[in-house]
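Here the structure is laid out as structure tokens; the discussion comes afterwards.
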Amino acid sequence: MPTKTTTPSRCPACAHDLILLEAGALSWCPACRWNLDVYDPALAPWRGTRMIGRWGFRRGLELDRATQEQLLADPEARPAGTSLGEVWLLAVSVVLALLGMAAVGYLVWLVVASDLPPGVRLALAIPAVLILLLVKPSFGRVPKYGVITEREAPQLHRLVWEVADAAGTPVPDVICADLSLNAGVARLGWRQRSMLVIGIPLWVMLPRPARASLLAHELGHLANGDPLRVRRTLLARTFGTRAVAATGGRNPWRRAVRATDSLAEQGSGTFVLLGMIVHGIVALANVAGATAQLLVDSVAMPDSRRAEYRADLIARRVAGSAPFLRSSETVLLAGRIWQDLWHLAPRIDGGQLEAMAAEARKRLAAHLPLARQLSRRTTDLWSTHPGEDQRMRLIEALPGVDGVLCVDDIRWAEIDAELAPWRRAAHNALLGTRDRF
């Protein structure tokens with residue numbers, strides 16, 4: 001969280017005091033936003049090199065500006081069918097699927113038709129097996145823990161149904177709860193059943209009208225053309241990520257150097273040379289996978305970010321402008337609110353989380369302007385979401401509206417009663433994390 005410090009540095013444009021950050025990020029002017037829209041490696045996502053990160057930051061800002069202009073001109077516009085980006089992802093997925101089929105055919109030939117010795121066949125099968133591990137479909141599954149049935153929470157299911165009806169989206173097949181500071185929708189399994197996930201910590205932090213906005217936003221992704229939730233592009237979207245994870249994750253060359261140093265302390269020259277070759281190949285594979293994922297995301301993420309803006313417009317229409325803005329403000333403060341609840345956890349119970357979160361939200365409201373501005377520094381072409389500031393500016397640029405859905409306090413109280421076990425679970429999670437400090 002940014003903190004204002006006494007400094008002789010003033011904005012060259014308006015002479016206002018500049019904002020400096022403890023993390024060593026670049027200063028900017030909170031009054032006129034001078035020097036705000038600049039690439040800051042201390043805050044921007046790391047993309048391998050500063051040159052790539054700087055380009056992604058600038059391209060992300062340009063994309064956000066163009067998308068906002070398009071949506072401001074016609075906020076009710078529907079996604080125009082399959083986008084060029086989705087077509088490209090589909091083509092890559094088809095190529096990867098064909099590659100996987102070729103690997104299967106190759107393995108069948110090695111087993112059935114090849115007259116090579118077993119040891120040779122085993123060695124020749126390794127590359128094909130690795131390819132299959134990278135391209136095999138993985139559609140996920142509905143978790144066994146966390147599913148909220150209609151029998152357990154009829155009012156919550158009724159609310160979700162009403163939000164989906166008002167938003168013009170499908171009703172999710174499954175509603176789940178978890179203990180994350182987040183919410184989302186996903187399509188899982190071969191049948192691609194839709195699942196709504198409600199993070200209870202975020203839910204209790206939100207003002208009640210903002211909860212309806214959150215639901216409308218998430219359900220909006222089921223009908224706004226988000227390529228990240230389409231099964232037919234799954235192979236293209238996961239191939240590079242799997243390759244990076246299988247080869248050790250980030251910083252492959254640093255890891256290779258450390259492994260080589262360790263081998264040098266334990267083995268002979270030949271052993272070290274072989275180790276260097278192996279780790280070098282793994283690092284090259286890691287870089288290739290990361291590059292492939294970066295290229296795929298360059299195509300997928302612009303459509304994903306447009307889908308986020310469209311979901312925001314659905315939330316505005318269903319719940320209203322003000323509740324959407326309150327939900328965005330809460331997201332900006334969520335980490336600090338959770339930290340405050342962590343300190344209070346031994347003195348409260350699960351039923352008091354909502355009231356304590358409201359007090360913390362009010363107490364931390366002074367941090368909102370700077371936190372909102374700072375969110376622009378995390379802009380990135382390859383991020384799934386635009387920064388909160390960009391999203392809020394779009395809604396603020398449109399006329400303020402009241403939502404079409406109205407939920408009275410009696411119903412909210414009934415929903416809270418249905419989710420009481422989950423509030424207790426969130427409280428227990430707060431108490432449990434104290435053992436880590």
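Mind telling me which of the residues R376, R424, R372 ends up being part of a helix (DSSP H, G or I), over 22 Å from L313 (Cβ atoms) and in contact with an Asp or Glu (Cβ under 9 Å, 6 or more places away or on another chain)?
Sole residue among the options that is part of a helix (DSSP H, G or I), over 22 Å from L313 (Cβ atoms) and in contact with an Asp or Glu (Cβ under 9 Å, 6 or more places away or on another chain): R424.
Quick one: which of V171, V185 is part of a strand (DSSP E or B) and β-branched (V, I, T)? Before the answer, list the steps.
Numbers: V171 fails: part of a strand (DSSP E or B).
Only one candidate passes the filter, namely V185.
Among the residues of the range 380-387, are any at pLDDT below 95, charged (D, E, K, R) and part of a helix (DSSP H, G or I)? Step through it out loud before you land on a result.
If we filter the range 380-387 for residues that are at pLDDT below 95, which is where we start, we get 380-387.
From what's left, charged (D, E, K, R): 380.
Now narrow it down to the ones that are part of a helix (DSSP H, G or I): none.
The answer is no, given that none of the residues of the range 380-387 is at pLDDT below 95, charged (D, E, K, R) and part of a helix (DSSP H, G or I).
Across the range 321-378, what is the total count of residues that are of a type in the set (G, A, S) and within 24 Å of the chain's Cα centre (by Cα)?
Within the range 321-378, residues that are of a type in the set (G, A, S) and within 24 Å of the chain's Cα centre (by Cα) number 9.
Cβ-Cβ below 7 Å, separation at least six or inter-chain, first residue in the range 248-272 and closer than 14 Å to L284 by Cβ and at pLDDT 75 or above, second of a type outside the set (A, V, I, L, M, F, W, C) and outside any helix (DSSP H, G or I): which pairs?
Listed by first residue and then by second, the contacts come to R255/G248.
Among residues belonging to the range 131-154 that are assigned to a helix (DSSP H, G or I) and in contact (Cβ under 8 Å) with a residue 60 or more places away in the chain, point out the one that is least open to solvent (accessible area, probe 1.4 Å).
Selected residue: V135.
Could you figure out which of (1) more than 30 Å from G249 (Cα to Cα); (2) touching a helix residue (DSSP H, G or I) at 6+ places or on another chain (Cβ under 7 Å) isn't true of L20?
For L20, the exception is condition (2).
Looking at the range 379-401, is at least one residue open to solvent by 30 Å² or more (accessible area, probe 1.4 Å) and in contact with a His (Cβ under 7 Å, 6 or more places away or on another chain)?
No; the residues of the range 379-401 include none that is open to solvent by 30 Å² or more (accessible area, probe 1.4 Å) and in contact with a His (Cβ under 7 Å, 6 or more places away or on another chain).
Given L96, L110, which one is in contact (Cβ under 8 Å) with a residue 24 or more places away in the chain, surrounded by 11 or more Cβ atoms within 10 Å (Cβ to Cβ), touching a Leu at 6+ places or on another chain (Cβ under 7 Å) and not in a loop (DSSP other than H, G, I, E, B)?
The conditions single out L96.
Going by the structure shown, is A164 assigned to a helix (DSSP H, G or I) and open to solvent by less than 50 Å² (accessible area, probe 1.4 Å)?
Values: assigned to a helix (DSSP H, G or I): yes; open to solvent by less than 50 Å² (accessible area, probe 1.4 Å): yes.
Yes.
State all residues of the range 188-228 that are hydrophobic (A, V, I, L, M, F, W, C), closer than 17 Å to R411 by Cβ and not in a helix (DSSP H, G or I); if no residue qualifies, say none.
I198, L206
In the list L71, L124, which residue meets the criterion of being part of a helix (DSSP H, G or I) and within 30 Å of E396 (Cα to Cα)?
Testing whether each residue is part of a helix (DSSP H, G or I) and within 30 Å of E396 (Cα to Cα) leaves just L71.
On the given criteria, is E359 of a type in the set (D, E, K, R), without any contact (Cβ under 8 Å) to a residue 12 or more places away in the chain and open to solvent by 20 Å² or more (accessible area, probe 1.4 Å)?
yes
Would it be correct to say that P172 is modelled with pLDDT of 90 or more, in contact with a helix residue (DSSP H, G or I) (Cβ under 9 Å, 6 or more places away or on another chain) and buried (at least 18 other Cβ atoms within 10 Å of the Cβ)?
So P172 passes the test.
Out of (1) within 17 Å of L219 (Cα to Cα); (2) modelled with pLDDT under 95, what's the single condition that is false for V163?
With (1) within 17 Å of L219 (Cα to Cα); (2) modelled with pLDDT under 95 applied to V163, the lone miss is (2).
The values are calculated or read from the model by the stated rules, or taken from the named source; none is laboratory data. Just so you know, these numbers come straight off a predicted model, no measurement behind them. FYI the Cβ positions are ideal-geometry reconstructions off the backbone, even for glycines, and counts take in every protein chain you see. The protein model used for the area step is the full one, side chains on, heavy atoms only, and it has no ligands, DNA or RNA in it. Shrake-Rupley method; radii C 1.70, N 1.55, O 1.52, S 1.80 Å.
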